[in-house]
Amino acid sequence: MKKYEYKTTKGFLRGIKITTEEHIRTDNWEVTWLDSEFIELLLHLDEVWKTPRRLMKHMSIKKSSSEIKAFLKYLLEEGFIEKRKIAHKHIEYRRVFQNPTHYGGDV
């Protein structure tokens, strides 16, 4: 359903505001949406073990370390990444899913 609002000044049409209403049927999807600001962090996660500090070093969008750690914890719970503890205070992360052996690109 569309709604139109016409803006006029002294009888002249100056603008039209169109409002639409859309519905999406989910059929009981189990969908979780990720924050788009963390896409760059996801791109930095690969097969190489990296600390959160090293991941944050190359990000253009500045996030606090607590936000990064909370997002890494979420990815860990979902099974997208794995972690290892290399020292008493240092934890490294890497992506779980690796390219299949028939992948055509240079790995």
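Every read-out reported here was derived from the displayed coordinates using simple, explicitly stated rules and does not represent laboratory data. Note that the structure is predicted; figures quoted are calculated from it, not measured. Glycine also receives a Cβ, built like all others from the backbone with ideal geometry; neighbour counts cover every protein chain displayed.
Sorting 1-10, 38-47 by average packing, meaning the other beta carbons within 10 Å per residue, from highest down gives 38-47, 1-10.
The residue 40 and residue 91 beta-carbon pair, evaluated with R₀ = 22 Å, returns a calculated FRET efficiency of approximately 0.60.
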